[in-house]
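Engineer: Structure provided below as structure tokens; questions to follow.
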DNA sequence: TTACACTATGAAATGCATACCAGAGCAAGC
DNA sequence: GCTTGCTCTGGTATGCATTTCATAGTGTAA
């Protein structure tokens, strides 16, 4: 395969001129432009982008760290990121880490190694102290509330969303309220737990540790809910379920355990996935694809402006009332 | 940021020696190795991977072309690809094209431009004639049956799977059988249509054009099924639905249209997604994540062997009998 | 003792395109 | 006529790490 030098020779011009044609620089005469284009066509020239990346110092690529692709939460987020990336003609590196700490660090090393221009971390196991130093090499954005660091963030307020959901249940008459956490998100988990206790206390009720379930991620996990409910002396009358897939699983398996929704157990899901609409699940719409799109938009802006100034965006959520409360 | 030259200077050695340390070449004395490592640490050296890619001519990156991430079919496929890529320490470029022809070609240009080492095409709108020439620049693999081309392929037999499903329905007593197609896959669609007519004819029945539905991709699309059924003079008693999400939608909305599954209408889904297990939907398990894993494994082998010999793999599917037939 | 293999190291070539600088030619303005 | 500014072009430095080649020293087998 030929390089720019051979094209220059074939077209009878200098490499500078070829480069100008390649980059659509205005100061090239029509005759030479034609000659270069003809040579490119004839010799089947293809620019070696690695050389371009090397000299320009950027790669037009952003990496996305996510634990599992195979989950609607991350999929929607990714969809938003990808749509926005497409607009700006940027490439995405997909880094499925399975919450493996070393894999996460490898991606940050890629930033240091100039393989990528920025990193979006949708969820993580590495600590912020480990991540922050890498912001010296390019913008890093997390999909969670991060403050006072050289890291950007796009998120919705987990605390407030939980508060909203619990208040809604309370107003509907529920006093015994339980909730699930996925293991997707550690920092958000803590906020949710805090919101759970705070809000109930504020309303004059009480949170209970035994009404908290951890590790509920997908549809299949829902199978454990009813055995757990049966095992309790006093049961919650409403469940806040962090993820519509799990909520759907609960809803769909309820009859076979002799539960009616919402009469015996009320349910609020999260994410407003298509399945919640189909099944009429009351849910909190956190607009994942918008979070993704904003995440990319912000990091893109930082890359193009060569800004190191971190940005932060708190996106709105809304409760969508359907039929499970 | 320092480069290898400055490290060499700081450590009092040549760049060759630094490079040897970096690449764990054996012929370096312990003393110099220590000196280099110390210099790297002290000066916070990071290798510029773009230079490495340039000189080595490979990037350890494979691109995946897929129309939408936001669909369980591609998500599962991607999961399989990503897991296998992780094993081989390869990066994945995610290229969401929305079936846009130009976007697909852009990815192939990236192969030509040496930005990536290979391409996996999960679904496409470009023609094979357009794709094939790019195999000169690196391995290209399609997730469909491709023959007599310089393109690799990993697939399951769409024709046979349809035949299997239809025969199963026939044996259960169904004579009026309809089916949906997603717009996901053009080449597979044709095979399925052929299988539909062939199989029914072979069994002594008849396929009907008005029992074929196109453009059914996700859960929401299922909403159109019952109005369509109502509009028919003679209705199918069984539906083959290419995608468990659509099948789930049909199953879940059946009661509100006064249909019982499988009494009034039998359903077979595709993909064996978690939702089909949860809802007891009879389905064809096409083992998407295995297809993905094999796809990556094959392309990886071709990259490392610098083989241009295309490979082809036909993976098994199996019918999983549950409760909707 | 000679020859050969192996270890250890550095200089220089290589992969490739872009960007800056210098310079030529030409036109418009004073 | 001279200056200024724009268009067009080429040479060369630059970005950075790997690899090949050459050289020298050391150990070992013949």
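Rule-based calculations on the coordinates, nothing more; no lab input. As the structure is a computational prediction, the values presented were derived from the model and not from experiment. All Cβ positions, glycine included, derive from the backbone under ideal geometry; neighbour counts span all protein chains shown.
Engineer: Can you sort B:132, A:210 by how many other beta carbons sit within 10 Å, fewest first?
Structural biologist: Details: B:132 15, A:210 12.
With the fewest neighbours first, B:132, A:210 line up as A:210, B:132.
Engineer: For the rotation taking B to A, I'd like to know which residue in chain B has the C-beta closest to the axis, plus that distance in Å.
Structural biologist: Residue of B nearest the axis onto A, distance in Å: B:94, 2.
Engineer: For the range B:1-62 and the range B:299-325, compute the distance between their C-alpha centroids and round to whole Å.
Structural biologist: 40
Engineer: Between residue B:129 and residue B:31, what is the FRET efficiency for a Förster distance of 41 Å, r being their Cβ-Cβ separation, to the nearest 0.05?
Structural biologist: Details: r = 60 Å, r/R0 = 1.46.
Using R0 = 41 Å, I get an efficiency of 0.10.
Engineer: Another one. How far is helix B:30-43 tilted off the main Cα axis of chain B, in degrees rounded to 10, range 0 to 90?
Structural biologist: Roughly 70 degrees between the two axes.
Engineer: Suppose you put the label 7 Å out from Cα in the Cβ direction; list, shortest first and in nm with one decimal, how far residue A:304 is from each other copy's label.
Structural biologist: With the label placed 7 Å along Cα→Cβ, residue A:304 yields 4.0 nm.
Engineer: Tell me, A:242, A:199, B:164 in order of fewest to most beta-carbon neighbours within 10 Å? Display every interim value, and only then the final one.
Structural biologist: Values: A:242 28, A:199 22, B:164 18.
Going from least to most buried by this count: B:164, A:199, A:242.
Engineer: If you take the beta carbon distance between residue B:87 and residue B:43 as r and set R0 to 30 Å, what does 1/(1 + (r/R0)^6) give as a FRET efficiency, to the nearest 0.05?
Structural biologist: Details: r = 33 Å, r/R0 = 1.11.
Here the calculated transfer efficiency is 0.35.
Engineer: For helix A:101-112, report the angle its Cα long axis makes with the longest principal axis of the Cα atoms of chain A; keep it between 0 and 90° and round to the nearest 10°.
Structural biologist: 30
Engineer: Another question about this same structure. Most exposed first by the Cβ proxy, i.e. fewest other Cβ within 10 Å, how do A:308, B:52 rank?
Structural biologist: Details: A:308 11, B:52 18.
Ranking A:308, B:52 by Cβ neighbours within 10 Å, fewest first, gives A:308, B:52.
Engineer: Specify the angular offset, from 0 to 90 degrees and rounded to the nearest 10, of the alpha carbon long axis of helix B:288-305 from the longest principal axis of the alpha carbons in chain B.
Structural biologist: Relative to chain B, helix B:288-305 is tipped by roughly 30 degrees.
Engineer: If each DSSP helix of 4+ residues adds -39,500 (n - 2.57) and the sum is divided by the residues in chain A, what number results at 222 nm, nearest 500 deg cm²/dmol? Working shown, then result.
Structural biologist: Details: 13 runs with 143 residues, N = 325.
Computed mean residue ellipticity for chain A: -13500 deg cm²/dmol.
Engineer: Taking a ≥ b ≥ c as the square roots of the Cα gyration tensor eigenvalues, with a/c under 1.5 meaning rounded and otherwise prolate when a/b beats b/c, else oblate, which class fits the range B:142-242? Write out the running numbers ahead of the final one.
Structural biologist: On the way: a/c = 2.51, a/b = 1.43, b/c = 1.76.
Because a/c hits 1.5 or more and a/b fails to exceed b/c, the range B:142-242 counts as oblate.
Engineer: Is the protein assembly as shown rounded, prolate or oblate when judged by the Cα gyration tensor, a ≥ b ≥ c being the square roots of its eigenvalues, rounded requiring a/c under 1.5 and prolate requiring a/b larger than b/c? Mind dumping the intermediate values first?
Structural biologist: Details: a/c = 2.26, a/b = 1.30, b/c = 1.74.
Since a/c reaches 1.5 but b/c is at least a/b, the shape of the protein assembly as shown is classed as oblate.
Engineer: Copy-to-copy spacing for residue A:130, label 7 Å out on the Cα-to-C-beta vector, in nm, shortest first?
Structural biologist: Those label-point separations list as 4.4 nm.
Engineer: May I pose another question? Between copies, how close do the residue B:201 label points come, placed 7 Å along Cα→Cβ, listed in nm from shortest?
Structural biologist: Residue B:201 label point versus its equivalents elsewhere: 7.5 nm.
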